[in-house]
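Asks: Quick one: structure below, then a few questions.
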Amino acid sequence: DRVVALVPGDDRRAGTPAGGDRDLAEIAALATVAPTSGGPGADRIVIAPGVFGRLNDLGRDVVLTHELTHVATGGARDGRTPLWLIEGFADHVGYHGRDVAVRSAARELAREVAAGRLPAALPGRAAFDGASGRLSQSYQEAWLACRMIAERYGEARLVRLYRTAGRRSETAALREVLGVSPARFTAGWRDYLRRELR
């Protein structure tokens with residue numbers, strides 16, 4: 001299968017194929033579904049040239065891999081998988097095998113953690129809204145949750161959690177795949193952030 005990447009002339013035009021009035025001012029690219037006359041839709045990646053153009057080669061590779069992961073998994077369309085897992089998994093794939101220091105990739109979150117501001121909970125759906133004010137930190141929190149899972153439980157278990165979360169509740173998926181409650185998982189993730197970012 002092929003994936004089409006659209007690169008409009010400016011960020012304002014990028015909002016149209018991304019869903020009409022979508023504000024892409026803080027987003028480099030977005031995986032979306034474009035309706036077609038003969039079926040449910042065709043996968044597209046819409047690139048916001050303003051933000052994407054400011055990234056270095058590594059950043060562009062990570063972003064494109066992230067968005068291609070969304071297309072490949074379809075997780076963003078199942079309505080059940082937690083958004084932190086959808087976005088964190090895509091970032092984990094994007095960064096996988098690349099020589100990137102954690103504090104560099106998560107610099108905004110690292111500044112907060114170093115200042116003693118540790119997140120109390122995994123980012124919810126609203127945290128990934130462009131108007132949240134902490135969009136970068138939310139992606140970094142999600143990425144580090146998935147990175148922690150891969151390190152502690154293995155890549156296969158991370159993939160299994162992703163698949164299970166599309167069929168079961170978040171609580172049930174965490175218990176079934178990782179053997180932990182949401183509270184225990186969150187506590188372990190907070191300790192992981194403290195250790196990795198301070």
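The values are calculated or read from the model by the stated rules, or taken from the named source; none is laboratory data. As the structure is a computational prediction, the values presented were derived from the model and not from experiment. Here Cβ is always computed from backbone atoms with ideal geometry, including for glycine, and neighbour counts include all displayed protein chains. Ligands, DNA and RNA are excluded from the accessible area calculation, which covers all protein heavy atoms including side chains. Shrake-Rupley method; radii C 1.70, N 1.55, O 1.52, S 1.80 Å.
Asks: How many percent of the alpha carbon pairs in region 75-119 exceed a separation of 11 Å?
Replies: For region 75-119, the share of Cα pairs beyond 11 Å comes to 72 percent.
Asks: Sort 48-55, 119-126 for me by packing, meaning the mean count of neighbouring Cβ atoms within 10 Å per residue, highest on top.
Replies: Put in order of decreasing packing, that is 48-55, 119-126.
Asks: Using 7 Å Cα-to-Cβ label points, what is the residue 60/residue 10 separation (nm, one decimal)?
Replies: Using points 7 Å along Cα→Cβ, the separation is 2.2 nm.
Asks: What does the accessible area per residue of the chain come to in Å², with a 1.4 Å probe and no ligands, DNA or RNA counted?
Replies: Per-residue value: 52 Å².
Asks: Helix-only estimate, please: 222 nm mean residue ellipticity of the chain, summing -39500 (n - 2.57) across DSSP H runs of length 4 or more and dividing by its residues, to the nearest 500.
Replies: The per-residue figure over the chain is -15000 deg cm²/dmol.
Asks: If you scale each eigenvalue of the Cα gyration tensor by 5 and take the root, what three semi-axes come out for the chain, rounded to whole angstrom and sorted largest first?
Replies: Each semi-axis is the square root of five times an eigenvalue, giving 28, 21, 15 Å.
Asks: OK, next. Rounded to the nearest 5, what is the percent of antiparallel bridges among the DSSP beta bridges in the chain?
Replies: Within the chain, antiparallel bridges account for around 70 percent of the total.
Asks: Separate question: Place a point 7 Å from the Cα of residue 2 along the Cα-to-Cβ direction; which residues of region 58-93 have their backbone N under 20 Å from it?
Replies: Those under the cut-off are 64-65, 67-73.
Asks: On to the next question. Share of the chain's accessible area from carbon and sulfur, percent, 1.4 Å?
Replies: Heavy-atom surface of the chain belonging to carbon and sulfur, 1.4 Å probe: 47 percent.
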